1. How big is the Rg/Rh ratio for the chain, C-alpha atoms only, Rh by Kirkwood, two decimals?
2. Set the bar at 18 Å for Cα to Cα. Now go through K33/K100; K86/K123; K161/K204 and name every pair that lies beyond it.
3. How much of the DSSP bridge set in region 11-91 is antiparallel, in percent, rounded to the nearest 5?
4. If you put +1 on each Lys and Arg Cβ and -1 on each Asp and Glu Cβ, how big is the dipole of region 149-195 around its Cα centre, in Debye rounded to 20?
5. Comparing G142, G218, G101, which has the greatest mean-square fluctuation in the GNM of the chain with Cα pairs linked when under 10 Å apart?
6. Most fluctuating residue of I181, I90, I149 in a GNM of the chain with Cα springs under 10 Å: which is it?
7. With n ≥ 4 as the cut-off for DSSP H runs, can you work out [θ] at 222 nm for the chain, using -39500 (n - 2.57) per run divided by the number of residues, rounded to the nearest 500?
8. Under 5 Å between amide hydrogens, which residues at least 5 positions from A162 or on another chain qualify, with H placed 1.01 Å from N in the peptide plane?
Amino acid sequence: MTSTQSKACCTVPPVVAEGYKQKGDYSTIEGMKTYATGPKSAKSAILVVYDIFGFFPQTLQGADILAHADKEHQYQVFMPDFFDGKPADISWYPPDNEEKGKKLGEFFKTSAAPPKTLERIPKVLKQIEAERPDIKEWLIVGFCWGGKIVNLISQEGTPFKAAAACHPAMVDANDASGVTIPYAMFPSKDEPKDDVEKWQANIKVKNVVRWWPNQVHGFMAARADLKDEKVKEDYQKAYEELLSFFHDNV
């Protein structure tokens, strides 16, 4: 099942290739350094689950885009540091030798084990809602590893109204059938086509799967080479489409 999306809602400002100056600031939520951006009066909020490389200028710029580019429907956006100041080193990816593979494997077993993050999310929302009582509804987006977290949190009883996974890692058809909210997936050329197709065959709710066949895993987050004009163009388009999906589902 695929939905049509309106493209009129959102105008992404010119993307900054390097030296990006963030619009938000940091606070502490559930003991985690958390990037917060967007108008504090907004009634909708987006939780961003970053990739394994943590806070990166490209990911922070994306959060600012989500907060400000939909003029009809602005959002408060929050990105907690689920890795508590110890993200993966971006030099480990791609894991093209034994040492890198070992380091990434160990990181996924320990810091990036999904249950550790999943149990923190309800506590994060509870604290934010106590401090920002104007928030009435939540959406969620995850990048790479964060896409797996988003899929697992979008099951029955989820506090989120809609979800999106951008160049998601560990796509599993078994995760799809339990999804209960509108869901967008933006795979890159590096995601296994069979895994994504099996996942889409199993999902039972309104969904969008939009391939980005010229982009690498991570092009909307830490691995975005925004000095490359083609990457920059697709980065901007992808955020426009992500915002359109959220706009149509709030």
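1. 0.93
2. Exceeds cut-off: K33/K100; K86/K123.
3. Expressed as a percentage, antiparallel bridges in region 11-91 total about 70.
4. Dipole size: approximately 220 debye.
5. Checking each option, the largest mean-square fluctuation is seen for G101.
6. Its mean-square fluctuation being the largest, the pick is I90.
7. Helix-only estimate at 222 nm: -9500 deg cm²/dmol.
8. It is I140, by chain and number.
Read the figures in this text as sums done on the coordinates, not as results from a lab. As the structure is a prediction and not an experimental result, all values here were calculated from the model. With ideal geometry, Cβ positions are generated from the backbone for all residues, glycine too; neighbour counts draw on all protein chains shown.
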